[in-house]
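No lab work stands behind these numbers, since they all come straight from the coordinates. A quick note: this is a predicted structure, and the numbers were derived from the prediction, not measured. For neighbour counting, all protein chains shown are included, and Cβ atoms are generated from backbone atoms with ideal geometry for every residue, glycine included.
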Amino acid sequence: MVIVNQRDKIEWKEGMTVTDLFKIMGFDYALITVMINGKYIPEEDYDFTEIKDGDDVRAYHLAHGG
Amino acid sequence: MKKQNNKKKKENVPEIFSKNVEGSYAILKNKTVGIAGCGGLGSNIAVALTRSGIGNLILVDYDIIEPSNLNRQYYFQKDIGELKALALANILKEINPDVNLEVHIQELKPKDVSKIFKNVDILMEAFDKAESKKWLIDTWCQKFPDKPIICGSGMSGIGKTDMLKVNTSGNLIVCGDQFSTLKEGLSAARVAIVANMQANEAVNLLINK
């Protein structure tokens, strides 16, 4: 099981990447920053970064305004 | 035997900070916080941090104050037409003349981040555009993975106070609702709440870590 944003429980699959998870979640990652277990994941690594069973994944949506 | 003096030694706290949390001034006066952007978030963050007793701030902004900024940014009629970073510096000095300010009048670019903010304890993201927020977080997390960055995301509209959250993962702290859009408009209270959430998290990190 992977926990996304401390809320959504997603079934973990062997070899699952950040890109795979985004497809399942329906995320458009143009303005999202990803952290896994407190570690920053660069966008260019989304296709290669494998998520482990039990990982704490945060996908922060960056909204305009300030 | 000499009588022991049980009275706690009073720290030397300037009167303006005498109501602050005990012991906080001694720590915060030696800390440095960077603020990227001096608009709705940055101006309110800077004022809150200065009132908290932060000793050193680095302000970066290239923009000029317009009448439409006065609905949420910490500026006044007399400041219209002035550079935000300079007007903010004047306001902060009016609060605490001893605060050390480093002011950069420029549009911050990824290549400038290391040079300008290398000595800060915490960086505050205070941009308005989401794309700018993203590149600043990306740059910071890769250059300085051991230093916190505190961001504001989603503060448009009115009400929905209970939707404003602090979400922490490692050294990235995101304040706001993460979904409200500019179409809803920006109001003073909601922007200032998020700015003050950011400032509050910074003070907490600086004192307790």
Notebook entry, point to check: Which of the GluC sites (Glu not before Pro) found in chain A are loop residues per DSSP with 12 or fewer other Cβ atoms within 10 Å of their Cβ?
Noted result: A:Glu11, A:Glu14
Next item on the list: Read phi for every residue in the range B:129-141 and hand back ³J(HN,Hα) as whole Hz from Karplus 6.51 cos²θ - 1.76 cosθ + 1.60, θ = phi - 60°, with x for Gly and Pro.
Entry: 7, 4, 4, 5, 4, 5, 5, 5, 4, 4, 5, 5, 5
Check: Using Cα atoms only, what is the angle between the long axis of helix B:40-52 and the major principal axis of chain B, expressed in degrees (0 to 90) to the nearest 10?
Finding: 0
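Sorted by average packing, counted as other Cβ atoms within 10 angstrom per residue and highest first, what order do B:38-47, B:189-198 take?
Averaged packing, sorted descending, gives the order B:38-47, B:189-198.
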Check: Between A:Ile3 and B:Lys160, what is the label-to-label distance in nm when each label sits 7 Å out along the Cα-to-Cβ direction?
Finding: 2.5
Item checked: Candidates per trypsin sites (Lys or Arg not before Pro) in the range B:17-48, loop by DSSP, up to 14 other Cβ within 10 Å -> B:Lys19
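How much of the DSSP bridge set in chain B is antiparallel, in percent, rounded to the nearest 5?
20
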Check: Under the definition of partner shielding as Cβ atoms of other protein chains within 10 Å of a residue Cβ, what is the mean value for peptide B:162-169?
Finding: 3
Next item on the list: Could you grab the Rg to Rh ratio for chain A? Cα atoms only, Kirkwood for Rh.
Entry: 0.95
Item checked: Listed residue (A:Tyr46, A:Thr19, A:Val2) projecting farthest to the positive dipole end of the range A:2-61, Cβ model -> A:Val2
Check: If you take the charge dipole of the range B:21-208 about its Cα centre, with +1 on Lys and Arg Cβ and -1 on Asp and Glu Cβ, which of B:Ile35, B:Leu123, B:Ser52 is farthest toward its positive end?
Finding: B:Leu123
Check: Looking at chain B, which longest stretch skips every one of the GluC sites (Glu not before Pro) that is in a DSSP loop with at most 16 other Cβ atoms within 10 Å, leaving the sites themselves out?
Finding: B:108-209
Item checked: Between helix B:84-95 and chain B: long-axis angle, C-alpha atoms, 0 to 90°, nearest 10 -> 30
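Hand me the trypsin sites (Lys or Arg not before Pro) from the range A:1-52 located in a DSSP loop with no more than 15 other Cβ atoms within 10 Å, in residue order please. Walk me through the numbers on the way to the answer.
Values: sites: A:Arg7, A:Lys9, A:Lys13, A:Lys23, A:Lys39, A:Lys52; in loops: A:Arg7, A:Lys13, A:Lys52.
Qualifying residues, ordered by number: A:Arg7, A:Lys13, A:Lys52.
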Next item on the list: Can you spot the aspartates and glutamates whose alpha carbon is less than 14 Å from A:Lys52's alpha carbon? Ignore those fewer than 8 places along the same chain.
Entry: A:Glu11, A:Glu14, A:Asp20
Next item on the list: Could you pull out the pairs from A:Lys23/B:Lys111; A:Lys39/B:Lys209; B:Lys133/B:Lys183; B:Lys78/B:Lys129; A:Lys39/B:Lys133; B:Lys134/B:Lys160 whose alpha carbons sit more than 21 Å apart here?
Entry: A:Lys23/B:Lys111; B:Lys78/B:Lys129; B:Lys134/B:Lys160
Notebook entry, point to check: Which whole number gives the average count of other chain Cβ atoms within 10 Å of the Cβ atoms across peptide A:35-43?
Noted result: 5
Note to self: Taking the Kirkwood radius as the inverse of the mean 1/r across Cα pairs, report the Rg/Rh of the protein assembly as shown.
What the structure shows: 1.03
Next item on the list: From zero up to wherever the largest Cα-Cα distance of chain B sits, split into 10 Å bins and tell me the percent of pairs in each.
Entry: 8, 35, 36, 15, 3, 2, 1, 0
Next item on the list: Obtain the nm distance between the two label points defined at A:Asp56 and B:Ile207 by a simple spin-label model: each point lies 7 Å from its Cα along the Cα-to-C-beta direction.
Entry: 2.4
Notebook entry, point to check: How large is the dipole of the range A:2-61 about the Cα centre if only Lys and Arg carry +1 and Asp and Glu carry -1, each at its Cβ, rounded to the nearest 20 debye?
Noted result: 280
Notebook entry, point to check: Among B:152-158, B:63-69, what's the highest-first ranking by average C-beta atoms within 10 angstrom per residue?
Noted result: B:152-158, B:63-69
Check: aspartates and glutamates within cross-link reach of B:Lys143: Cα-Cα under 12 Å, excluding same-chain residues under 8 positions apart?
Finding: B:Asp112
Next item on the list: Return the whole-Å distance between the Cα centroid of chain A and the Cα centroid of the range B:87-165.
Entry: 24
Checklist line | Dipole magnitude of the range B:21-208 about its Cα centre (Cβ charges: Lys, Arg +1; Asp, Glu -1), debye to nearest 20 | finding: 200
Item checked: Bridge type composition, the protein assembly as shown - antiparallel percent by DSSP, nearest 5 -> 45
Check: Can you work out the FRET efficiency for the pair B:Glu102 and B:Val21, with r the C-beta to C-beta distance and R0 = 30 Å, to the nearest 0.05?
Finding: 0.70
